[in-house]
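One structure is given below, encoded as structure tokens.
Nothing in this text is a laboratory measurement; each read-out follows from the coordinates by a stated rule. Predicted model only: the values in this text are computed from it and were never measured. Here the Cβ positions follow ideal geometry from the backbone for every residue, glycine too, while neighbour counts run over all protein chains shown.
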Amino acid sequence: MKQIFFTPGPAELYFTVKSHLKKALNEQVPSISHRSAQFQSIFQEAEENLRNLLDLPDNYHVFFTGSATEIWERIIQNLVAKRSYHYVNGAFSERFYRIAQELGRSPIVQTAPAGECALVDSSKISADTELIAFTQNETSTGVAHPLKDIYQVRQSHPNAIVAVDAVSTLPYMPLDYTQIDTAYFSVQKGFGLPAGLGVWLVNDRCLAKAEQLVKQQSIGSYHSLPSLLAKAQKHQTPETPNVLGIYLLAKVTGDMLTKGIDVIRNETKFKAGMMYQMLSEHAKFTPFVEKEEHRSKTVIVAETQNHSSKIIEELGQSQLLIGDGYGTFKGKHIRIANFPTHSKEQMILLIDKMSTIL
């Protein structure tokens, strides 16, 4: 029996990846030059599909990096001279804050209690803040920041750049890109692809900030915003990229467009509703995030009465793989991915198996 990966990243591959991978190997895509016309066509297809799928405005640019972790560093280098403000809902949003410290900036942090969203109080953000960072969907805790909070901060601080970590929320979450300045993700979660590719969505305000900052200090080397833009305008990258990853992203986003983003979003909500209902009714599980409006639809986290390893092992015997708790919650939580590649039938199978665990 084939294993089904409900782990929150890397997760189950999108169901069309296998056929696209076979075609890529037959066409020798992993060996082509990143300066070739063939690669430029692949880059352009991936960019256009992402624009259509995510409804990106014309003033946004699509850049490819090694990972979303890299983008944390690039954001601080390119967009912050001194002050950033970070809303922290878990381990990954906290790591972004730490990177700003490690790069010698003076970040401010607003940290939420475990399982909650950081309280948004725009009055606490000083006028000299250059960048405000949100992790819309915290993969470590299953906390989802309401979009209205993000947009409210943007309205209160129109001069600051608003950055959104959308690593485990896209393509599900319909972001209003006119209310933010940059978003980013890696492909091994919601897009159901092999790890090793980050996608950085950047508007013209960010490019202007980087052009201003480079006159004052270093903003990094081969993946500075000006260097990424110069190559992207020719549908290229500064370095030899993950050509196969970009190819697969182009094809899978095309498949998602064919299916329809509204269908994908409605299915995601439906599957999440079933899972949360089971967790709320089960004697041994409790949704970790108490407030329903703060519960992620794509990474569902539950507290367990028994050590999580026993549950993970029992489900594994049925070839159903789920994630353990992250960091300090290891052994106390389970984490379940609910991405576009997970069908309703697969989710029902997992729910049925979990319902019998005593």
| query | Using a basic spin-label model with each label point 7 Å from the Cα along Cα→Cβ, how many nm lie between Met1 and Glu239? | reply | 4.2 nm
| said: Let me test this: with uniform point scatterers at the alpha carbons of the range 17-258, what is the Debye-based log₁₀ I(q)/I(0) at q = 0.08, 0.14, 0.17 1/Å? | reply: -0.29, -0.89, -1.27
| From the residues Phe39, His282, His294, which one has its Cα farthest along the dipole of the chain in the positive direction, the dipole being from +1 and -1 charges on Cβ of Lys/Arg and Asp/Glu about the Cα centre? | Phe39
| task | Given a cut-off of 22 Å, name the pairs among Lys259/Lys291; Lys284/Lys332; Lys148/Lys269; Lys18/Lys251; Lys18/Lys269 whose C-alpha atoms lie farther apart than that in the structure shown. | result | Lys259/Lys291; Lys18/Lys269
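Within the set of other residues whose C-beta is less than 13 Å from the C-beta of Ile351, count the net charge using Lys and Arg as +1 and Asp and Glu as -1. Mind dumping the intermediate values first?
Numbers: positive: Lys271, Lys344, Lys353; negative: Glu281, Glu345, Asp352.
Around Ile351, the surrounding residues sum to 0.
Taking the beta-carbon count within 10 Å as an exposure proxy, list Val199, Val62, Val263 from fewest neighbours to most.
Details: Val199 26, Val62 19, Val263 12.
Sorted ascending by nearby Cβ count, the order is Val263, Val62, Val199.
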| Under the span-like rule (Cα at least 18 Å along the axis, Kyte-Doolittle mean at least 0.5), DSSP H helices of the chain | 243-259
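What net charge do the residues around Phe270 carry, taking every other residue with its C-beta under 15 Å from that of Phe270, with Lys and Arg at +1 and Asp and Glu at -1? Can you show the working numbers first?
On the way: positive: Lys259, Arg265, Lys269, Lys271, Arg295, Lys297, Lys344; negative: Asp262, Glu267, Glu345.
Neighbourhood net charge equals +4.
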| message | Helix-only mean residue ellipticity at 222 nm, the chain, DSSP H runs n ≥ 4 weighted -39,500 (n - 2.57), per residue, nearest 500. What is it? | response | -12000 deg cm²/dmol
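How would you order 267-278, 229-240 from highest to lowest mean count of nearby Cβ atoms within 10 Å?
Numbers: 267-278: 17.4, 229-240: 15.5.
In decreasing order of mean packing, 267-278, 229-240 become 267-278, 229-240.
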| request: Order by neighbour count: Val80, Val164, Val299, Val17, fewest other Cβ atoms within 10 Å first, most last. | output: Val17, Val80, Val164, Val299
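FRET efficiency for Gln217 and Ser355, Cβ-Cβ distance as r, R0 = 41 Å, nearest 0.05?
Numbers: r = 56 Å, r/R0 = 1.38.
So, using R0 = 41 Å, E works out to roughly 0.15.
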| field | Peptides ranked, highest mean first, by Cβ atoms within 10 Å: ranges 176-185, 300-309, 342-351 | value | 176-185, 300-309, 342-351
| Do you know the relative contact order of the chain, to the nearest whole percent, from alpha carbon pairs under 8 angstrom that are 6+ apart? | 25 percent
